[in-house]
């Protein structure tokens, strides 16, 4: 993948992006599960737990951005292959 992606068949690149997308979807689910306790007790968190919640929230956004990029890349590649 990346700058050399055009050197391999599009289907290989698509499968790899789909694989990575699934990994990040699973990671979103895992990290959201980790945060569930903190999110339910925001009003009573100790400062160390609030910081953990904030770090986990950043991780969730990071993973969701990967999923969004994979979706964007898949759509763009599929459109380019059709033409």
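The values are calculated or read from the model by the stated rules, or taken from the named source; none is laboratory data. Just so we're clear, the structure is a prediction, and the values are computed from it rather than from any experiment. Virtual Cβ from ideal backbone geometry, glycine too; neighbours counted across all protein chains shown.
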Could you give me the residue pairs with C-beta distances under 8 Å whose first residue belongs to the stretch 46-71 and is on the phi > 0 side of the Ramachandran plot, whose second residue is outside any helix (DSSP H, G or I) and loosely packed, with under 13 Cβ neighbours inside 10 Å wherever it lies, and which are 6+ apart or on separate chains? none
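Please go through the stretch 35-54 and pick out each residue that is outside any helix (DSSP H, G or I) and surrounded by 15 or more Cβ atoms within 10 Å (Cβ to Cβ). Can you show your working first?
Within the stretch 35-54, the subset outside any helix (DSSP H, G or I) is 41, 45-46.
Correct list: 45 only.
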Scanning the stretch 55-72 for residues that are surrounded by 15 or more Cβ atoms within 10 Å (Cβ to Cβ) and either within 13 Å of the chain's Cα centre (by Cα) or at pLDDT below 95 (or both), the one farthest from residue 36 (Cα to Cα) turns out to be 70
Run down 26, 78, 32, 18 and say which single residue is part of a helix (DSSP H, G or I) and in contact (Cβ under 8 Å) with a residue 60 or more places away in the chain. 78
